[in-house]
Amino acid sequence: MNKERILEILKETEVLLEGHFLLTSGKHSRQYMQCAKLLQYPKYTEEIARDLADKFKNEKVDIVIAPAVGGIIFGYEVARQLGAKNLFAERVNGKMKLRRGFEIPKGARVLVAEDVVTTGGSVKEVIEAVKKQGGEVVGVVVVVDRSNGTVEFGTKFEAALTTEVISYKADNCPLCKEGKSAPVKPGSRK
């Protein structure tokens, strides 16, 4: 897929929000990519997941795992496209862990899927959980990389869209200094 097609889909599904936002990283921003809105549309989710899954079709992926909540639906569709098992990790005492009887067999080839990354914190935690169980991480796929390509996972990394959503440290946020609005947190983490 080309960037124009991705942007067309994200625009049509109203993924890009404008305002004053508190990001998971603690930073503030004028824009927020609410990728959950994309996941309302199976045809678009399938189209993007298929394109990214194709980049890993020769990696012999056994399992696709996603961090809850944002990555679950996208991870499922990537797994479906690859004919792989699908798992998700969730926060337990602030840390991503496998629960609900999910296990990763030693040596399993694992692809991590997420809807959006900025700092990559959740994905890094999932990678750590996979390695702790003896899995081999073969890559990471995301719908939107908000880091503009600066985030590193130590493995093959593919994003449908790489962009930069400008963010500010909370104590240096021009939106806060204007005093016209308080940041809102549209994401899934508290």
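The values are calculated or read from the model by the stated rules, or taken from the named source; none is laboratory data. Values in this document were obtained by computation on a predicted structure and should not be read as measured data. Because the Cβ atoms are built from the backbone with ideal geometry, glycine has one as well, and the counts that use them run over all protein chains shown.
G70 fails exactly one of the following numbered conditions: (1) out of contact with any helix residue (DSSP H, G or I) (no Cβ under 7 Å at 6 or more places or on another chain); (2) surrounded by 22 or more Cβ atoms within 10 Å (Cβ to Cβ); (3) at pLDDT below 95. What is the number of that condition?
(1)
Where residues in segment 148-190 are modelled with pLDDT of 90 or more and assigned to a strand (DSSP E or B), which of them is surrounded by the most Cβ atoms within 10 Å (Cβ to Cβ)?
Looking at the filtered set, the residue picked out is A160.
Looking at (1) part of a loop (DSSP other than H, G, I, E, B); (2) over 18 Å from the mean Cα position of the chain (by Cα), can you tell me which one R30 breaks?
R30 satisfies all of (1) part of a loop (DSSP other than H, G, I, E, B); (2) over 18 Å from the mean Cα position of the chain (by Cα) except (1).
So how many residues does segment 120-147 have that are within 20 Å of V69 (Cβ to Cβ) and not in a helix (DSSP H, G or I)?
Of the residues in segment 120-147, the ones within 20 Å of V69 (Cβ to Cβ) are 120-130, 140-146.
Filter once more, keeping what is not in a helix (DSSP H, G or I): 120, 140-146.
So the count comes out to 8.
Mind listing whichever residues of segment 50-79 are in a helix (DSSP H, G or I) and over 23 Å from E125 (Cα atoms)?
Start the filter on segment 50-79 by keeping residues that are in a helix (DSSP H, G or I), which leaves 50-54, 72-79.
Across segment 50-79, the qualifying residues are R50, D51, D54.
Filter segment 1-27 down to the residues that are of a type in the set (D, E) and either under 15 Å from E114 (Cα atoms) or part of a loop (DSSP other than H, G, I, E, B) (or both) and list them by number. Walk me through it before giving the result.
The first filter runs over segment 1-27 and keeps only residues of a type in the set (D, E), leaving 4, 8, 12, 14, 18.
Answer for segment 1-27, where residues must be of a type in the set (D, E) and either under 15 Å from E114 (Cα atoms) or part of a loop (DSSP other than H, G, I, E, B) (or both): just E14.
If you check I127, I104, which single one turns out to be at negative phi, more than 17 Å from the chain's Cα centre (by Cα) and either without any contact (Cβ under 8 Å) to a residue 60 or more places away in the chain or buried (at least 20 other Cβ atoms within 10 Å of the Cβ) (or both)?
Values: I127 fails: more than 17 Å from the chain's Cα centre (by Cα).
Going through I127, I104 in turn, just one is at negative phi, more than 17 Å from the chain's Cα centre (by Cα) and either without any contact (Cβ under 8 Å) to a residue 60 or more places away in the chain or buried (at least 20 other Cβ atoms within 10 Å of the Cβ) (or both): I104.
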